[in-house]
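Chemist: Below you will find the structure I want to go over with you.
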Amino acid sequence: MNAARLAVAALLSALVLFGIRAFRVAAMDGYLETRSYEAIYYLPPPTWLEAFSLGHRRALADLIWMKGLVYVGDEFRESGGMDNVFRYADAMITLDPDFRRAYAWTGVAGLYRPVETTREDVDRTLEFLRAGVARFPNDGEMHWDLGTTIQYELVRLLEGEERDAAEAEATRHMTIALRFGAGPTYIALTNATRLIRQGELSAAIRHLEEVYPLVDDDVLREDIRARLTALRGEAAAESVSLDRREFEERWRADYPWLPASFYAIVGRRPVVPRGRFPEELRFEP
């Protein structure tokens, strides 16, 4: 009798365990079907993560970094929208503001995705890149990433004065990048052209002078040298022209009835306060 009871109990236990397993699988399938793909990679707000880290902020930032790499790979496989990219970036940088690679990673993952990039995506990406430059002001690669992103991703979306301001910002960061040895040296000629177009002739000359010693290619060095010679000549001509304009303005304001050649000898009209005469102009009674 005891053996029969034991057999029945074992059979019932097996049925219960089998049923539990079947129900668990069905429940998990139902749970996963109700969750969106993006929800699997959801992160809490950075302030929560700071508390969850229990003081190990950099370690948690590293874990989020690894999860972010897997997330981006899965998004490309699934042709996802990568909606959590900026959430991951914000979490890593909040936990570890000196996590340099996180800034650079956001500059790529924020823009280059399986779906179309919007203006909002560009602006959000630039926020992180500007923060990276502010955190690492002497990092040429950070300046290069910011400058090229502005020039090739933002400028094409703008018009008028807003476009001109963005181009000026991009050129500034790309010239700084070359100064720190980042970016291809051949871009120096392009930077100089942009600076001239922006009315910064002296800055263009200074930029080429800074890059010239860094160039290894003989052909490029000769091109830069020739461009410098031409620009220095243009700057000298511009200086002479400016001096001539200033002279004419003074002449017409002081003694317009005198010949210009005579005014060059006489010089500026003395400035005398009203009602007073300098000692050398007073007459003794």
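Chemist: Go through the range 122-147 and give me each residue that's closer than 14 Å to Phe86 by Cα, out of contact with any Asp or Glu (no Cβ under 9 Å at 6 or more places or on another chain) and either open to solvent by less than 50 Å² (accessible area, probe 1.4 Å) or not basic (Lys, Arg) (or both).
Modeler: Hits for the range 122-147 are Asp123, Glu127, Ala131.
Chemist: Now for a different question. Which residue is surrounded by the fewest Cβ atoms within 10 Å (Cβ to Cβ), if the candidates are limited to the range 50-98 and must be in contact (Cβ under 8 Å) with a residue 24 or more places away in the chain and β-branched (Val, Ile, Thr)?
Modeler: Only one residue tops the list, namely Thr94.
Here's the yes/no breakdown for (1) closer than 18 Å to Ala177 by Cα; (2) modelled with pLDDT under 65; (3) surrounded by 10 or more Cβ atoms within 10 Å (Cβ to Cβ):
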position: Ile196; (1), (2), (3): no, no, yes
position: Leu208; (1), (2), (3): yes, no, yes
position: Gly233; (1), (2), (3): no, no, yes
position: Ser261; (1), (2), (3): no, yes, no
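Chemist: Looking only at the range 126-174, which residues are hydroxyl-bearing (Ser, Thr, Tyr) and more than 8 Å from the chain's Cα centre (by Cα)?
Modeler: The initial filter retains those residues of the range 126-174 that are hydroxyl-bearing (Ser, Thr, Tyr), namely 148-149, 152, 171.
Hits for the range 126-174 are Tyr152, Thr171.
Chemist: Which of the residues belonging to the range 47-85 are at pLDDT below 80 and not small (Gly, Ala, Ser)?
Modeler: Residues satisfying the conditions are Phe52, Glu78, Met82, Asp83.
Chemist: Considering only residues that are open to solvent by less than 20 Å² (accessible area, probe 1.4 Å) and of a type in the set (A, V, I, L, M, F, W, C), look in the range 178-194 and name the one that is farthest from Val219 (Cα to Cα).
Modeler: Filtering the range 178-194 for residues that are open to solvent by less than 20 Å² (accessible area, probe 1.4 Å) and of a type in the set (A, V, I, L, M, F, W, C), the one farthest from Val219 (Cα to Cα) comes out as Ala182.
Chemist: Of the conditions (1) assigned to a helix (DSSP H, G or I); (2) modelled with pLDDT of 80 or more; (3) open to solvent by 40 Å² or more (accessible area, probe 1.4 Å), Thr175 satisfies every one except a single condition; which number is it?
Modeler: (3)
Chemist: Quickly run through the range 171-187 and pick out the residues that are over 11 Å from Leu214 (Cβ atoms) and either touching a Leu at 6+ places or on another chain (Cβ under 8 Å) or of a type in the set (Lys, Arg) (or both).
Modeler: The answer is Thr171, Arg172, His173, Thr175, Tyr186, Ile187.
The values are calculated or read from the model by the stated rules, or taken from the named source; none is laboratory data. These numbers were taken from a predicted model, which means no experiment stands behind them. Heads up, the Cβs are rebuilt from the backbone with ideal geometry, glycines too, and the neighbour counts pull from every protein chain shown. Please note that ligands, DNA and RNA were not included when accessible areas were found on the heavy atoms of the full protein model with its side chains. Shrake-Rupley method; radii C 1.70, N 1.55, O 1.52, S 1.80 Å.
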